Amino acid sequence: MPPTPRTKTGTKKLSEVAKHLVLPSGIVSTGWPAVRDQCRKMGVRHDEWQAGLGRAMLAKRASGLYAAGIGGIIISICRQVGKTFTIGSIIFALCIIFPKLTVIWTAHHSRTSNETFESLQGFAQKRKVAPHIRQIRRVNGQQQITFKNGSRIMFGARESGFGRGFAGVDVVVADEAQILGNKALEDMVPATNASKNPLIILMGTPPRPVDPGEAFRTRRNEAIELKKLAAAGEDTESDMLYVELGADPDADLDDWDQVAKANPSYPHRTPREAILRNRKNLADDDSYRREGLGIWDDDRDTAKGIPTKLWTDSAVDEPLDGAPAYGVSFSASGVRMALAAATVEGEWAFLEQLDADEGALEDGMKSLAAWFAKKDEAGHARWRRSRGIAIAGSAHAPALKQLLRQQGVPG
């Protein structure tokens, strides 16, 4: 790697370090000043970008309710930035300011949940924080930090069922959001229904292809679409805060400037040696791109079957004549589906993406099966007018095949 940069990234604003930043609409104030002051009383001083994050997280509308109280706070962030410290210190301050505040802090894996609890119980024992703490319960499955004013933070792993069945929760923190399915999120959100001013925080690294991260990916796609519309001058309304820190999609993995771009805590809080150690212990370069540099596979041109430039350069105005062959492909995570058609004439092939869907795909698959069975004026079904249907992706392929058979399409 080239020499370590000398830039002090801690002085940069959130808007300067965020790759994507989508703020909720209707902001008139923020609860950050009170939280900042309480953090200082606890001996905590945040970097400028962390202060900006806190200010945005606690932004309020004219009603006094959190501006991101409906859509939530979504944070895509790589390892070693100080996520637990940043969010944890804000949560501690809120627990001290607001008596009887109830927080559940979840991770997918028990190991991650235990590590978070160990870190935050250490924070709770600091000299300027300890006077606010009544009890630290360390029993696995019942890990909890209770404050003298009745506030409490409960910790647990979603893989063990933690997060379901709670009531009267004011703040939900879902770590490892890259492994958060829609069903798990649906189980947790009702816990906040009785709260007057709830916050839901989803945070994690970009998901692997096999991760069930549909909730995380769907929110990201929504945020990026809002950002595009706003850039085009269209009026938009946002009910969530989306923050993404990450290097460029085509980043050189040995470029320390890209490390600094992804990690605003480097090098003044996270040293070079820690970055190298993290990379050494990750499985491969793709894992480092996601977890070390915050790069989403969706953004990488090399992750696509046909690179964007080749696709664009090969565009034509008119398709080839002839019966098409159809292809349906599911992502490894099972949260995305795409439909394409190909026509071959001599040495040439014409390929067109016809449609795509994301999220809960059951309705989309039913509509697709019906589309293949739809008949023309002569009474010929679409599948009979084609050269065949190829289906790829084990996530939903058997279910789609069954739906096609129900529509009379032979297997």
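If you go through segment 388-411 one residue at a time, how many are part of a loop (DSSP other than H, G, I, E, B) and surrounded by 12 or more Cβ atoms within 10 Å (Cβ to Cβ)? Write out each step before concluding.
Narrowing segment 388-411 to residues part of a loop (DSSP other than H, G, I, E, B): 388, 393-396, 407-411.
After this cut, where a residue has to be surrounded by 12 or more Cβ atoms within 10 Å (Cβ to Cβ) as well, the list is 393, 395-396, 407-409.
Number satisfying all stated conditions: 6.
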Yes or no: segment 71-82 includes at least one residue that is free of Cβ contacts under 8 Å to residues at least 60 places away in the same chain and either surrounded by fewer than 20 Cβ atoms within 10 Å (Cβ to Cβ) or under 27 Å from Glu176 (Cβ atoms) (or both).
no
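Suppose the filter is more than 18 Å from Arg152 (Cα to Cα), at pLDDT 95 or above and crowded, with 19+ Cβ neighbours inside 10 Å; does Gln38 pass it? Write out each step before concluding.
On the way: more than 18 Å from Arg152 (Cα to Cα): no; at pLDDT 95 or above: yes; crowded, with 19+ Cβ neighbours inside 10 Å: yes.
Considered against the rule, which asks whether it is more than 18 Å from Arg152 (Cα to Cα), at pLDDT 95 or above and crowded, with 19+ Cβ neighbours inside 10 Å, Gln38 comes out as no.
Within segment 92-103, can one find any residue that is of a type in the set (Phe, Trp, Tyr), outside any loop (DSSP other than H, G, I, E, B), assigned by TED's automatic domain parsing to the domain that holds Val243 and in contact with a Phe, Trp or Tyr (Cβ under 9 Å, 6 or more places away or on another chain)?
Restricting attention to segment 92-103, the residues satisfying the condition of being of a type in the set (Phe, Trp, Tyr) are 92, 98.
After this cut, where a residue has to be outside any loop (DSSP other than H, G, I, E, B) as well, the list is 92.
Still in the running and assigned by TED's automatic domain parsing to the domain that holds Val243: 92.
After this cut, where a residue has to be in contact with a Phe, Trp or Tyr (Cβ under 9 Å, 6 or more places away or on another chain) as well, the list is 92.
Yes, segment 92-103 contains at least one residue that is of a type in the set (Phe, Trp, Tyr), outside any loop (DSSP other than H, G, I, E, B), assigned by TED's automatic domain parsing to the domain that holds Val243 and in contact with a Phe, Trp or Tyr (Cβ under 9 Å, 6 or more places away or on another chain).
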Can you find a residue in segment 139-151 that is farther than 30 Å from Arg217 by Cα, among the aromatic types (Phe, Trp, Tyr) and modelled with pLDDT of 95 or more?
yes
Only one of these is of a type in the set (Gly, Ala, Ser), farther than 22 Å from Gly54 by Cβ and modelled with pLDDT of 90 or more: Gly246, Gly168, Gly181. Name it.
Gly168
Is at least one residue of segment 112-129 buried (at least 23 other Cβ atoms within 10 Å of the Cβ) and among the small types (Gly, Ala, Ser)?
yes
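Residues are listed down the side, and each one gets a yes or a no for (1) free of Cβ contacts under 8 Å to residues at least 60 places away in the same chain; (2) within 14 Å of Val328 (Cα to Cα):
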| residue | (1), (2) |
| --- | --- |
| Asp355 | yes, yes |
| Ala369 | yes, yes |
| Asp376 | yes, no |
| Arg382 | yes, no |
| Ala392 | no, yes |
| Ala399 | yes, yes |
| Leu404 | yes, yes |
| Gln407 | yes, no |
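Out of everything in segment 231-254 that is of a type in the set (A, V, I, L, M, F, W, C) and in a loop (DSSP other than H, G, I, E, B), what residue ends up being nearest to the chain's Cα centre (by Cα)?
Our first condition is that a residue be of a type in the set (A, V, I, L, M, F, W, C); within segment 231-254, this holds for 231-232, 240-241, 243, 245, 247, 251, 253.
Add one more test, that the residue is in a loop (DSSP other than H, G, I, E, B), and what stays is 232, 245, 247, 251, 253.
Details: Ala232: 24, Leu245: 11, Ala247: 16, Ala251: 20, Leu253: 22 Å.
Here the residue is Leu245.
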If you scan segment 133-148, which residues turn out to be among the charged types (D, E, K, R) and either under 30 Å from the mean Cα position of the chain (by Cα) or surrounded by 13 or more Cβ atoms within 10 Å (Cβ to Cβ) (or both)?
Arg137, Arg138
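Every residue, every condition in (1) surrounded by 21 or more Cβ atoms within 10 Å (Cβ to Cβ); (2) without any contact (Cβ under 8 Å) to a residue 60 or more places away in the chain; (3) under 25 Å from Lys100 (Cβ atoms), yes or no:
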residue: Thr192; (1), (2), (3): yes, yes, yes
residue: Ile200; (1), (2), (3): yes, no, yes
residue: Met203; (1), (2), (3): yes, no, yes
residue: Val210; (1), (2), (3): no, no, no
residue: Glu214; (1), (2), (3): yes, no, no
Give the residue that is farthest from Asn182 (Cα to Cα), with candidates limited to residues of segment 216-229 that are among the aliphatic types (A, V, I, L, M) and in contact (Cβ under 8 Å) with a residue 12 or more places away in the chain.
Leu226
Determine whether segment 313-327 contains at least one residue that is crowded, with 17+ Cβ neighbours inside 10 Å, closer than 30 Å to Gly204 by Cβ, out of contact with any Pro (no Cβ under 7 Å at 6 or more places or on another chain) and modelled with pLDDT of 80 or more.
no
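How many residues, within segment 67-101, are closer than 22 Å to Asn149 by Cβ, under 19 Å from the mean Cα position of the chain (by Cα) and not β-branched (Val, Ile, Thr)? Outline the logic, then answer.
Going through segment 67-101, the residues closer than 22 Å to Asn149 by Cβ turn out to be 87-101.
Subsequent filtering for residues that are under 19 Å from the mean Cα position of the chain (by Cα) retains 87-88.
Next cut, not β-branched (Val, Ile, Thr) only: 88.
Counting residues in segment 67-101 that are closer than 22 Å to Asn149 by Cβ, under 19 Å from the mean Cα position of the chain (by Cα) and not β-branched (Val, Ile, Thr) gives 1.
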Of the residues Ala68, Ala34, only one is touching a residue at least 12 places away in the same chain (Cβ under 8 Å), under 14 Å from Val243 (Cβ atoms) and in the same structural domain as Arg220 (by TED's automatic domain parsing); which?
Ala68
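The values are calculated or read from the model by the stated rules, or taken from the named source; none is laboratory data. Here the structure is a predicted model, which is why all the values come from computation and not from measurement. Positions of Cβ are backbone-derived with ideal geometry, glycine not excepted, and every protein chain shown enters the neighbour counts.
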